[in-house]
1. Just the number, please: percent antiparallel of the DSSP beta bridges in the chain, rounded to the nearest 5.
2. Which value at 222 nm does the chain reach when only helices count, each DSSP H run of 4 or more adding -39,500 (n - 2.57), with the total divided by all residues and rounded to the nearest 500 deg cm²/dmol?
3. Round to a whole angstrom and tell me the spacing of the C-alpha centers of region 93-125 and region 1-75.
4. With every protein chain present, what accessible area does residue 143 have (1.4 Å probe, heavy atoms only), rounded to the nearest 10 Å²?
5. Just need the Rg to Rh number for region 1-97, please, alpha carbons only, Kirkwood Rh.
6. Could you give the alpha-carbon Rg of region 85-130 over 2.2 N^0.38 Å, rounded to two decimals?
7. Between the helical axis of 24-38 and the dominant principal axis of the chain, each derived from Cα atoms, what acute angle in degrees is found, rounded to the nearest 10?
8. Between 0 and 90 degrees, rounded to the nearest ten: what's the tilt of helix 123-134 against the longest Cα principal axis of the chain?
Amino acid sequence: MSLAIYLVRHGEVEHHRTDVSLTPRGQAQAGAVGVSLAARIGVGDTVAIRYSPVARVKETAELLCGSLSSALAAAGGVIISPPQPDEALSNVRFISIPGEPPNEPSLLHAQTNNPAYLQSVPPARADFYRGFWASRDPMGYWLTRDSAGAAEKPEIVWARVCER
């Protein structure tokens, strides 16, 4: 049987202000998921791992793949392809300049926190960016607030991921 593992999220990180590496706890989380998934994979299966194209999700995918491979090594007969990025699995993306492609929020942190930039966008959009970055739960903030065009809408992200 061919199986696909799709990673939209990642293990724990210290913050989302840049595309940082996983914390030691996040690394352990990724490894534990690989071990737990091994119980669902049988001899003769092939496994493809696809991930959101962000460094911290790539790191999660690679750790998961390594622990999955180790957990299945004794069983043999399982083919695990190297993890591959998949743009469709991107989580929320910010729209910093209307008409340009959206981008991963952590890659736009410096821009969307710059006072000059915040003064150049509509107040509701600036308020969204400020609230997102100040929130203890940025994803929860995004899910429960109108971004005023600052970010993709949850239903857009959901549809893209479900289509995959």
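The values are calculated or read from the model by the stated rules, or taken from the named source; none is laboratory data. All values derive from a computational prediction rather than experimental measurement. Note that we place each Cβ from the backbone using ideal geometry, even for glycine, and neighbour counts take in every protein chain shown. Accessible surface is based on the protein model in full, side chains and every heavy atom, while ligands, DNA and RNA are left aside. Shrake-Rupley method; radii C 1.70, N 1.55, O 1.52, S 1.80 Å.
1. Beta bridges within the chain, antiparallel portion: roughly 25 percent.
2. Mean residue ellipticity, 222 nm, calculated: -13000 deg cm²/dmol.
3. With region 93-125 and region 1-75 each reduced to a Cα centre, they are spaced 30 Å.
4. Answer for residue 143: close to 100 Å² accessible.
5. A ratio of 1.02.
6. Taking the Cα Rg and dividing by 2.2 N^0.38 Å, one obtains 1.20.
7. Its long axis makes an angle of about 50 degrees.
8. Result, in degrees: 40.
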